[in-house]
């Protein structure tokens, strides 16, 4: 029809990402029309590119006939397919798995079995591999044949007779070399590769350093299982950095628009938990009530000491979280030691400054020293907590990014107050 | 010599990144040997990949004869060359510019003129472009010829007779299509491109969404000026996310090992500035001293109110900083409005909880209400400050990431205390 022609002319000229935005945001009946107007291949590309909440993608599948859904699913890249199926409910998974061709079911099941956040979980199986004795001409023929299905064709992986990964050649080298050379003669034999069980964050870190467009994923016997492409690496980097950032603020940062009610609902549990922790600080101050009654001047410096220690602790936390994500374990105790020493140095300087300020302001060296000593100790303890807690969490397998800045600073309020009033107690006679 | 042969066999088999690590970490005299054993082309690849502090790279150049340095520099990719030269002192820049061939001086000068953090500043000029009437066969011939110099050969950009960018073809399409087709017949005409003055963060954001390996950079008349490759996009993402993260913690987070003294020195100015801001809070509490003397119970809740408001403000800050980096300006007031409403909602809930807790604990509804009302108001103000301040900073051209979490929470201490004691003043007779 005329409408179909016009639609296809306009829609297919759009960039893929813009197509997905339109597809995801139109009404179901309009989507039904799009499903009719596009070929299965074209629809499949949209599904491969859809990065909206996966729940939505599942909804789009459910709007279709099972026949169309199965055609699209069986055409998708294996990593995206596994990702999508992995987020389905058990019953949906069973339904859609059964729509796939037998050999694909096997393959996707294997991908689904890899642990989340490992190389295996983000790799795809659509790569190009050849035997090391193939010539440039025959490799190019293979590339040409597989070009429409492979997720990336710019690297061709080279295997020996036992299917062990022994080299890699780039498409650039292939088109520059003589047709009669064999892969073995010019391949790079030192292949950068990752293990299937490697943590995705480590993989991303290394790709960032080594600047590859894709990395091969192997098992412990060096058999090629899949590849991870740079676009997936970018997603991992984005995910991990958003997580670190969110952790530091104690709030989920995702690009989505949310109503204030939803935002409040999400932030409330954490804030109320911290409120309870803050109550311990309040009851601690209450415990020292007689001290405050005797010298109300002590109240003046509570927020100064807790605030400064909280700031210092947050800095240590940020450093520690970042370092443990890229460092190996030997260095961990060094991180803590460095943070504590840094805390002592900063604490001493802050203490001297505040002692002088208080002496000038209140003409009481004793009070100045109480505030100064407390501040030095509070900062040191905050730095210890800020670096130790995320490291301990990492050791017991909890993501250290969860040890948020607000948590550290609220905890540091408690220790700071305890330190402050304990010191004040000792010097109370000199202060009054 | 035998040593040279052995060295080359081992060294050249290493991955590029590992070569750079070795090159950067050996002693100068050992580096001199490496310089002698490798060809200029091989050395150039190392310099292209060096991502250690640029100061070091400049030092390596200075260790060489001017002749060798000039040979390496004139062989480097233009974006890396411009990056390196752009960080030199004025006199070094003059020295090394003069070592380059004339036409390259012109080109690199142009790159150096683009504003920092724009597409122009990170693009490279080594791309492949062809006229739209070239056939697949002749395009492939051009690709083959340029393959050794071009930074990426997987996209070929297509221009019309007036050198306006009109399309793009991928190497994948080239090897799949018939030799006699012209580029015009199968190129994608809707080219994803960025303007030379676009902010690098926007460029990175869009490449992340659209999943390209490179994007063309054009001027306002759609003439191709360069391309940005995905590895540079990854570096930008890393840089920007580290910056946001560092800002939130009020501390520079870079992977480098630092001695505690250096760390302390870096963090001190900021912490001491905040200490002075904290002194305003202290003197404000001091101003209300008579109030505290009358009811020392007021001191108990200072840290609870400042802490909770600080946590809420940090959350708002994190959301605002992230959103303004990717959103357009119309939405900005909506961000502030949403954060304030979120603050009111959370504030009311927190107020109700704390009022009940205080009533149960201290059997004083009046005190509970003073704490509750203050907390609700303090949280709302903190959310306002947390979202408004980074946005204002962005408006006046200061990077909002500088409005760090510690700054917002210290500022929020001040407003929280002011609110708390003002409310307490009104109800003082009911509290005592």
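Here, each number is a calculation from the coordinates, and none is a lab measurement. Model, not experiment: these values are computed from the prediction. Neighbour counts are summed over all protein chains in view; Cβ atoms, including those assigned to glycine, are modelled from backbone coordinates with ideal geometry.
Brief remarks on what is shown
- Rule-of-thumb Rg ratio for region A:250-370 [Cα; 2.2 N^0.38 Å; N residues]: 1.44
- Reported to the nearest whole Å, the Cα centre-to-centre distance from region B:202-227 to region A:267-299 is 54.
- For the options B:172, B:206, B:109, a Gaussian network treatment of chain B with springs between C-alpha atoms closer than 10 Å singles out B:172 as fluctuating the most.
- Mean partner shielding of peptide B:271-282, defined as the number of other chain Cβ atoms within 10 Å of each residue Cβ, is 6.
- Sorted ascending by nearby beta carbons within 10 Å, beginning with the fewest, B:208, A:252 become A:252, B:208.
- At an R0 of 56 angstrom, the distance between the Cβ atoms of residue B:287 and residue A:210 translates into a FRET efficiency of 0.40.
- Calculated FRET efficiency for the pair residue B:22/residue B:164, C-beta based, R₀ 35 Å, to 0.05: 0.15
- Summary for residue B:360: label point 7 Å along Cα→Cβ; distances to the equivalent points in the other copies, ascending, 4.7 nm.
- Between helix B:200-210 and chain B: long-axis angle, C-alpha atoms, 0 to 90°, nearest 10: 80 degrees
- Between the helical axis of A:54-63 and the longest alpha-carbon principal axis of chain A there is an angle of about 40 degrees.
- Cα point-scatterer Debye curve for the protein assembly as shown, base-10 log of I(q)/I(0) at q = 0.05 Å⁻¹: -0.34
- When chain A is treated as a GNM with alpha-carbon contacts under 10 Å, the residue of A:246, A:422, A:129 showing the greatest mean-square fluctuation is A:422.
- Percent of beta bridges antiparallel (DSSP, the protein assembly as shown, rounded to nearest 5): 75 percent
- Among beta bridges identified by DSSP and lying wholly in region B:129-238, the antiparallel ones come to about 70 percent.
- Cα Rg, Dmax, region B:149-221, angstrom units: 13.3, 41
- Distance from the alpha carbon centroid of region A:119-191 to that of region A:343-409 works out to 57 angstrom.
- Normalised by the number of residues in chain B, the mean separation of alpha-carbon contacts (under 8 Å, six or more apart) gives a relative contact order of 12 percent.
- Counting, for every residue in B:154-161, the Cβ atoms of other protein chains within 10 Å of its Cβ and taking the mean gives 1.
- Candidates B:355, B:273, B:242, ranked by Gaussian network fluctuation over chain B, Cα under 10 Å, top entry: B:273
- Among A:7, B:301, B:60, sorting on how many other beta-carbon atoms sit within 10 Å of each Cβ, with the fewest leading, yields A:7, B:60, B:301.
- Tilt relative to chain A, helix A:102-113 - C-alpha long axis, 0 to 90 degrees, to 10: 10 degrees
- Residue-averaged 222 nm ellipticity for chain B, from DSSP H runs of 4+ at -39500 (n - 2.57), nearest 500: -22500 deg cm²/dmol
- Share, in percent, of DSSP beta bridges within chain B that are antiparallel, nearest 5: 75 percent
- Estimated translational D of chain A in µm²/s (Stokes, Kirkwood radius over Cα pairs; 20 °C; 1.002 mPa s): 81 µm²/s
- For region B:129-238: relative contact order, % (alpha-carbon pairs under 8 angstrom, 6 or more apart): 24 percent
- As a proxy for reagent exposure, ranking A:300, A:136 by other Cβ atoms within 10 Å from fewest up yields A:136, A:300.
- Cβ neighbours within 10 Å from other chains - mean over A:406-413: 4
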